[in-house]
Every structure is written in structure tokens, then in C-alpha cells.
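K.L.:
Pasting in a structure now, in C-alpha cells, and then I'll have a few things to ask.
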Protein chains: 2
Amino acid sequence: MSSQPAGPEIERLIQLLARLPGLGPRSARRAALRLIKKRETLLLPLASALAAAGAAIKVCAQCGNIDTRDPCSVCADPRRDRTLVCVVEDVSDLWALERAGVLGGLYHVLGGTLSPLEGIGPKDLNLENLIGRAQAPEVKEVLLALNATVEGQTTAHYIMDRLHGLDVKISKLAHGVPVGGELDYLDEGTLAAAIRARQPF
Amino acid sequence: MSSQPAGPEIERLIQLLARLPGLGPRSARRAALRLIKKRETLLLPLASALAAAGAAIKVCAQCGNIDTRDPCSVCADPRRDRTLVCVVEDVSDLWALERAGVLGGLYHVLGGTLSPLEGIGPKDLNLENLIGRAQAPEVKEVLLALNATVEGQTTAHYIMDRLHGLDVKISKLAHGVPVGGELDYLDEGTLAAAIRARQPF
């Protein structure tokens, strides 16, 4: 009796699916079964979508975004405001801000945060490139949209120090009550920030 | 500004990943990013694992199990007890029972449960085949390991009626407290069943 009564191809598929974020061993098995049952409409299309994405993905040399072209669709878009560069930790943050659809500027993806404990220093991030971009005459503002975590804020302070003396405005995201958020569920730090930054009604 | 600032290949990948059980739109984006970042070690291997599984999967003509060979590895295993046929709803149930590793017999995968509301009748399940198997002289016991849901138990009763008069023992799984389960979290039906079926200590 084997613990997985299926062929090696299916076991391999389950092992790889289990490495996706959000899928554990059990949900990877469920996902594999769904794929197998929907061979024509899901399994084979996903196989070719993966192969196509694997062949097409490029990292934007200017901003570090992931796209199927370089420069990426954001950097290549002539309607974008080239005076504003928004610094984010990861491509997922860029995607999140694009879904909000209000930035209108360009991005700069660091690829992580400074973390001495994990041995991640300035040279491991897409940082020198940012200093260069911030010196370009068309850039007027650098918005540090890093996560409100210790690592994110440490990295933001480091970048602020590095950009010190350059002729750019440095800004950060506002703290406050999330839209739709209930006060009762918010932490004290967020509430304090929202009170300090209160606005006329 | 697009809501998804990435190429069509990446958007297609996200759409397909979002159709896997356990992944919603947000986690599909996270999964796509992980895949893209681990192109060599995850994305390309997963693409070929899907293609390989897609080419290799077969449904066992005897029991309905999914494997890369027909008859499946369970049916083909000479060490299996051919007198016992365990009826399950789905291949995932077969996998779960195999992980427990105590059955030792053969399986029969119905491919669902009877559901008049959803228009699923006996002919939509792998049922006639089961009646045939139960008549084979070597089969002594049919274990109905269907889910303890209304649909599962309705289907079990239907199968019991159909097997009535054949020279096979029909059994079902025991009800009781799950191993490691806390009484406080169990429903009254399970507790009542565990009390009725109590065992000498």
C-alpha cells in the first residue's frame, strides 16, 4: 500500500502545486484532482499558459516591474506622470496600487526590504538604480510606498537618507482608518495616526 | 492605467490559477508572482509536470480510480485483498483512505452521489459496474465508505437496495469521535453515535 496511489506524474504535479503560496499538501491534492478532471479546459490550458508566461516574462530594466516587455507597460505608457516615482517593495504592491488606479506616476520595485538578520543589505535590493533615477531632472517627487512594517519603515528611512540633498520631494503614504474599516477592530497605532492626521469635515 | 499592469500571458496565467480550488483572485496573483520569480525551479517544472500528467492520466476501467495506468496501481497490486470492495464517492476519498493505509482491499469510485435536485441519477454514476463487480464470486464484502452527508447516505441506501439479494456482506464505516477530537467541538449526532457504539475499555 503506497501513501499516494497514483502514478509518478500525478505525485510530481501535487508536489509542485504544494509549493504555491496558499496551497498546502491537502489543497495541492485537491487542486491536482480538479486539474486532472478538467483536463481539456484547465490542465492543458494551464500548462501552455505557464510555458507562454515562462517564455515571455521580462524584468523592466528601469523600474524592476515584471511584465512581458521591457520597458514595462507602466514605464512605456506615455500618459504616465514622469515626475513621480513610487517606491514599492514588491511587484505585488505595484499591482495592488495599480488596481487602486490613482497613482498615475511611475514605479520603482526594490525587490524586498533591508534585513540585517536575513543578510539582506542595500546591494541586494534594486536601490542604486533608484538613486540614479531620483537624480534625473524630470523626477520631482519620490513616494515611499513601503509596507508599514518595521522592515518597510527601516528601508524607507535608509532611502530617505540616501536621497538627502537631492532636489526631489520625498513623501510617504498617509496612515489612517482603512475605507470600510471598523474602529473597534483597528489597533491603537492606526487610531492614533488617524486622530493626529484628522481632516476638516 | 490598467487594473493589471502586466502582459496578457501573465493575466491569462492568473485567470487559470484562480480556478484552482483554494485559490481566489488575490492568492492566484500571489501564486503567479511566485511562479514568475521562480521560473527555473517552479514555473517551468510545473508546466512540464502538467503536460506530463495530462498525457499520462487514465481512468481505471475496473474501479474508476485515476492513475497513469489502467488497471490502476491498486487494482493491479497482487497483494490486495480481492474479497473486499470499498465504495467511495470520489478519487480524493480513495486517496484519503490510502493515506490511512489500513484497507488492503480494492476500491470502487462512484464519481459523485445521487442528487435529484442537481439531476444526478444512478446512470450518471459508476454504479452498474459496481453491481457487476459485487456479483463476482471472489467478492465477499462491499464497504460503503460514502461521506456522512445526506447525499452520501442516500446513495449508500440506494446501493444497499441494489445489492440486496446478492451473496455479499455490506458494511459501512463506524461513526464516533475522531482520533484527537475534543468532545466540546463535536456535534450532538456524532456524540450520540459514539455513545451508542461504545466499546469495553
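The values are calculated or read from the model by the stated rules, or taken from the named source; none is laboratory data. On a predicted model such as this, the values are computed, not experimentally measured, just so you know. Note: ideal-geometry Cβ built from the backbone for every residue, glycine included; neighbour counts use all protein chains shown.
K.L.:
I'd like to know if the stretch A:3-13 contains one or more residues that are at pLDDT 90 or above, more than 16 Å from B:Cys72 (Cβ to Cβ) and not polar (S, T, N, Q).
P.N.:
Yes, the conditions are met somewhere in the stretch A:3-13.
K.L.:
What's the total number of residues in the stretch A:49-64 that are in contact with a Lys or Arg (Cβ under 9 Å, 6 or more places away or on another chain) and either at the interface with chain B (Cβ under 7 Å from one of its Cβ atoms) or under 29 Å from B:Ser92 (Cβ atoms) (or both)?
P.N.:
Within the stretch A:49-64, residues that are in contact with a Lys or Arg (Cβ under 9 Å, 6 or more places away or on another chain) and either at the interface with chain B (Cβ under 7 Å from one of its Cβ atoms) or under 29 Å from B:Ser92 (Cβ atoms) (or both) number 6.
K.L.:
Related question: Checking the condition closer than 23 Å to A:Lys38 by Cα and either in contact with a Phe, Trp or Tyr (Cβ under 6 Å, 6 or more places away or on another chain) or in contact (Cβ under 8 Å) with a residue 40 or more places away in the chain (or both), which residue from B:Glu141, B:Glu89, B:Glu118 passes?
P.N.:
The match here is B:Glu89.
K.L.:
Still on this structure, I have one more. Output the residues belonging to the stretch A:17-72 that are part of a helix (DSSP H, G or I) and in contact with a strand residue (DSSP E or B) (Cβ under 7 Å, 6 or more places away or on another chain).
P.N.:
Residue satisfying the conditions is A:Ile36 alone.
K.L.:
When only residues in the stretch A:87-106 that are assigned to a strand (DSSP E or B) and over 12 Å from the mean Cα position of the chain (by Cα) count, which is nearest to B:Ala6 (Cα to Cα)?
P.N.:
A:Leu106
K.L.:
How many residues, within the stretch B:57-79, are among the aliphatic types (A, V, I, L, M) and crowded, with 16+ Cβ neighbours inside 10 Å?
P.N.:
4
K.L.:
Still on this structure, I have one more. Can you tell me which residue among B:Arg82, B:Arg99 is touching a strand residue (DSSP E or B) at 6+ places or on another chain (Cβ under 7 Å), surrounded by fewer than 16 Cβ atoms within 10 Å (Cβ to Cβ) and either within 11 Å of another protein chain (Cβ to nearest Cβ) or not small (Gly, Ala, Ser) (or both)?
P.N.:
Criteria check complete, one pass: B:Arg82.
K.L.:
Which of the following residues is touching a Ser or Thr at 6+ places or on another chain (Cβ under 7 Å) and part of a loop (DSSP other than H, G, I, E, B): A:Thr155, A:Thr113?
P.N.:
Being touching a Ser or Thr at 6+ places or on another chain (Cβ under 7 Å) and part of a loop (DSSP other than H, G, I, E, B) holds for just one of A:Thr155, A:Thr113, which is A:Thr113.
K.L.:
Now a separate question. Could you check how many residues of the stretch A:16-29 are within 7 Å of another protein chain (Cβ to nearest Cβ) and either of a type in the set (Val, Ile, Thr) or closer than 20 Å to B:Arg29 by Cβ (or both)?
P.N.:
7
K.L.:
Another question about this same structure. Return yes or no: is A:Leu35 closer than 30 Å to B:Arg69 by Cα, in contact (Cβ under 8 Å) with a residue 12 or more places away in the chain and among the aliphatic types (A, V, I, L, M)?
P.N.:
Criteria met by A:Leu35.
K.L.:
Mind checking which residues of the stretch A:161-176 are within 22 Å of the chain's Cα centre (by Cα), in a loop (DSSP other than H, G, I, E, B) and not small (Gly, Ala, Ser)?
P.N.:
A:Leu173, A:His175
K.L.:
Just the residues that are closer than 23 Å to A:Glu89 by Cβ and exposed (fewer than 10 other Cβ atoms within 10 Å of the Cβ), please, taken from the stretch A:173-199.
P.N.:
A:Ala174, A:Val179, A:Asp187, listed by residue number.
K.L.:
Mind listing just one residue for me: the one in the stretch B:31-51 that is surrounded by fewer than 19 Cβ atoms within 10 Å (Cβ to Cβ) and more than 28 Å from the chain's Cα centre (by Cα) and, of those, nearest to A:Lys38 (Cα to Cα)?
P.N.:
Checking each candidate, the answer is B:Leu44.
K.L.:
Does the stretch A:85-96 hold any residues that are of a type in the set (A, V, I, L, M, F, W, C) and either surrounded by fewer than 19 Cβ atoms within 10 Å (Cβ to Cβ) or in contact with a strand residue (DSSP E or B) (Cβ under 9 Å, 6 or more places away or on another chain) (or both), and which are they?
P.N.:
A:Val85, A:Cys86, A:Val87, A:Val88, A:Val91, A:Leu94, A:Ala96
K.L.:
Within the bounds of the stretch A:85-101, is there any residue that is of a type in the set (Ser, Thr, Tyr) and in contact with a Ser or Thr (Cβ under 9 Å, 6 or more places away or on another chain)?
P.N.:
No, that holds for no residue.
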